1. Among residues other than residue 174 whose Cβ falls under 13 Å from its Cβ, what is the net charge (Lys/Arg +1, Asp/Glu -1)?
2. How long is the gain from residue 72 to residue 371 if the chain were fully straight, where each residue apart is worth 0.36 nm and the alpha carbon distance is subtracted?
3. How much mean residue ellipticity at 222 nm does the chain get from its helices, if each DSSP H run of length 4 or more adds -39500 (n - 2.57) and you divide by all residues, to the nearest 500 deg cm²/dmol?
4. Please sort by residue number the trypsin sites (Lys or Arg not before Pro) in region 47-93 whose DSSP state is loop and whose Cβ has at most 10 other Cβ atoms within 10 Å.
5. Where in the chain are the helices, taken as whole DSSP H runs, whose Cα atoms extend 18 angstrom or more along the long axis and whose Kyte-Doolittle mean reaches at least -0.5?
6. Could you pull out the chymotrypsin sites (Phe, Trp or Tyr not before Pro) across region 372-407 that fall in loop regions by DSSP (anything but H, G, I, E, B) with no more than 15 other Cβ atoms inside 10 Å?
7. State the antiparallel share, in %, of DSSP beta bridges confined to the chain, rounding to the nearest 5.
8. Given a cut-off of under 8 Å on Cα pairs at least six residues apart, what relative contact order in percent is computed for the chain?
Amino acid sequence: MLSSIQNPRLLRLSTLHQIPLRCLQTSTTPVPTPSSPQPTSQILRIRKSLLSRETTAVEIAKTFLSRLRRTEPQLKSFLYVSPEDAVLKQAEEIDRRIQNNEELGPLAGVLAGVKDNICTSDMPSTAGSKILENYTPPYDATAVKKLRENGAIIVGKTNLDEFGMGSTTEASGYQVTANPWDLSRVPGGSSGGSAAAVSAQQCAVSLGTDTGGSVRQPASFCGVVGLKPTYGRVSRYGLVAYASSLDVIGCLGSSVADTGIVLQAVSGHDKFDATSSKQGIPNFASQFIPKDYLDSKPLKGLRVGVIRETLVDGVDPDVISSLQRSVSHLEDLGCTISEVSFPSFSLGLPAYYILASSESSSNLARYDGVRFGNQVFADELSTLYGDSRAEGFGSEVKLRILMGTYALSAGYYDAYYKRAQQVRTLVQKSFRAALEENDVLISPAAPSVAYKIGEKKNDPLAMYAGDIMTVNVNLAGLPALVLPCGFVEEGSSVLPVGLQMIGAAFDEESLLKIGHIFEQTLQGYSFVPPLVGDDF
């Protein structure tokens, strides 16, 4: 067997004895306050206020735009912000439809951010790279098109690590985004701009992309909910390719309900994407049961497996402590907890970077200044190619292109790329075996909380190691949900910690149900950063 299950009653003893005593003490963690409210759906709140005519779409848009203008100079979440008159014009159209009692889409009046590697026909789409500076696509990505069709207002394009290659936004070709919980720290990446924008309430929801954890790790760092769908659930048409067999468009919101509603809107088969699935789309909203209607043990009988390899040396003890409190909370909700071992878990990280770098070296070959990308003037064609790529690409992108080209070169293909594909198969089998014995698997979303800007910029291996919790999920193509579960004190900062839930392929419905119940019953935490706490 590729997974082993221990007696549930032994779980705490078997894991806690590995944890230093100091992390079991609660003095380093903020004490929960019973008065803290449960997360509420921004989307449902906006819809209720519009339909009851308590407020207007224009007033809602102005509120978000005002907060964006106030916080953006500090955060730098956006690479492009839509002109205010364009946003208000769309809001006015929604108000007109309400006045005429016309049908509204489920996202009517909801301001959404879109990661800048997802194409938008009326805004630049640079993928965070100078080689695509000022490029505006002639079409919307399918996911963006579906957002608009459901009534969402696209407020702007969010910052990212260039072409999605990074974990901090420090590899952006334009600017570094700050974490709303501590402006001296990174928001995570590569969807750091999308996560920071939702955390700071610059927009209600946002789209990100997840190749190896780029929605889930920023969600953990910024204290928001991040959902990575099953590979194929959401069309990749209009997504600037990084690693095509791993890339997924995901959702970020301030509640589980928000991410589920956005997923409902953007999911579905697309004739323009051969990898999009024809799998039916459940009614995700049906899983969002109000807290007052829940039983005392709403998750009774649910089998939850804790991945043993995520509780080892190298993971912050305070992060492990937060996970243990989450395990206790799930037990209180009626879950049966067991421990799962993944012998191939540690192999996922090197395999991922070989595969992702190999695919990126192929995908980025098109940016040569002739077919795609900004062009540098030169007398010779070979010089034009070389100079256009040298000036257009940043150092991280160049590094990954070199690694991928090397792994695919003659004489090394079998030793690197082929072996990485074999590891990918092992990872898929491990997850399949574990999910036959468990309904959901859990782990920390990241081995630490958000770290200082610049702390790991010159140590790429340390930065890559931060993806250890997330990359295996991409290799297996499974869905995963990250939601905030606690806090850790780092000096004068109080920083959020994320819990990752992993489900079976195309079973986002179960993840959303479990996540929503967990979120609604978690007492004593308010995941609104101090930056916006006073006016939220």
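1. Numbers: positive: 76, 130, 157; negative: 116, 133, 161, 162, 170.
That sum, taken over residues with Cβ under 13 Å, equals -2.
2. Details: separation 299, 0.36 × 299 = 107.64 nm, distance 3.45 nm.
Full-extension gain reported as 104.2 nm.
3. On the way: 18 runs with 196 residues, N = 536.
Value at 222 nm, helices only, nearest 500: -11000 deg cm²/dmol.
4. Within region 47-93, the qualifying trypsin sites (Lys or Arg not before Pro) (loop, at most 10 other Cβ atoms within 10 Å) are 53.
5. On the way: long enough: 57-75 (26 Å, -0.27); 84-99 (22 Å, -1.05); 317-332 (23 Å, -0.37); 348-363 (22 Å, 0.01); 395-408 (20 Å, 0.62); 419-437 (28 Å, -0.64); 508-521 (20 Å, -0.26).
Helices passing the filter in the chain: 57-75, 317-332, 348-363, 395-408, 508-521.
6. Numbers: sites: 372, 377, 385, 393, 406; in loops: 377, 393.
Of the chymotrypsin sites (Phe, Trp or Tyr not before Pro), the ones in loops of region 372-407 whose Cβ has at most 15 other Cβ atoms within 10 Å are 377.
7. Around 65 percent antiparallel, to the nearest 5.
8. Working: 1237 pairs, mean separation 107.7, N = 536.
Averaging sequence separation for qualifying contacts and normalising by length gives 20 percent for the chain.
The values are calculated or read from the model by the stated rules, or taken from the named source; none is laboratory data. Just so we're clear, the structure is a prediction, and the values are computed from it rather than from any experiment. Methodologically, a virtual Cβ is constructed for each residue, glycine included, from the backbone with ideal geometry; neighbour enumeration extends over all protein chains shown. Areas reflect the complete protein model, heavy atoms only, side chains present, ligands, DNA and RNA absent. Shrake-Rupley method; radii C 1.70, N 1.55, O 1.52, S 1.80 Å.
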